[in-house]
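Shown next, in structure tokens, is the structure this report addresses.
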Amino acid sequence: MASYDEQENLLFLICQKALFGIEQSFMEIYPTKLAKVEPDRLQIEWSNGQLREYRYPEILDNCPCAGCREKRSKPKPKLALPVLQPGENEPLRLLAVHPVGNYAYSFTFNRGCDRGIYNLETLLNLGKEIPSETPS
Ligand SMILES: [Zn+2]
């Protein structure tokens, strides 16, 4: 089992590789930089200069796979007690980012669904824009 630091380094390498694939993209706007912001955010810098920040739960809650879309479209049963899945009390951690073709990413968290393919358009509509740093 790799240490937490080793996992962090691995994730960084995977992000760089992911960037390399995406740079060849035909999309007009593509990510130029991915960075993890502790403890639970991912920042993506886009080629149009936009910087967006994504909270891990937001990414997971918007999983675009068919299974999760169907779950979200159904009303939640009101009387059912919430059932904690194993590990659900642990903070959400991003374990890996995978490029999918040259137009999308998938994310692996320490729990939750990892089947979602987030295309660049989806990612541009998620998260919130961070105003670019102004000199103080
Ligand atoms: Zn899913």
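For the modelled label position 7 Å from the Cα of LYS71 along Cα-to-Cβ, which residues of region 93-112 have backbone nitrogen atoms closer than 16 Å?
93, 107-112
Under 5 Å between amide H atoms, partner at least 5 residues away or on a different chain: which partners does ALA96 have, H built in plane at 1.01 Å?
When sequence neighbours closer than 5 places are left aside, the close amide H contacts are THR108.
Less than 26 Å apart at the alpha-carbon level, and either on another chain or at least 8 residues along: which lysines does that give for LYS33?
List returned: LYS17, LYS128.
Near ASN48, within a Cβ-to-Cβ distance under 12 Å, what is the net charge of the other residues, with Lys and Arg +1 and Asp and Glu -1?
Here the charged neighbours net out to -2.
Readers should treat all values here as calculations from the given coordinates under stated rules, not as data from a laboratory. Please read these numbers as outputs of a predicted model, since none were measured by experiment. Heads up, the Cβs are rebuilt from the backbone with ideal geometry, glycines too, and the neighbour counts pull from every protein chain shown.
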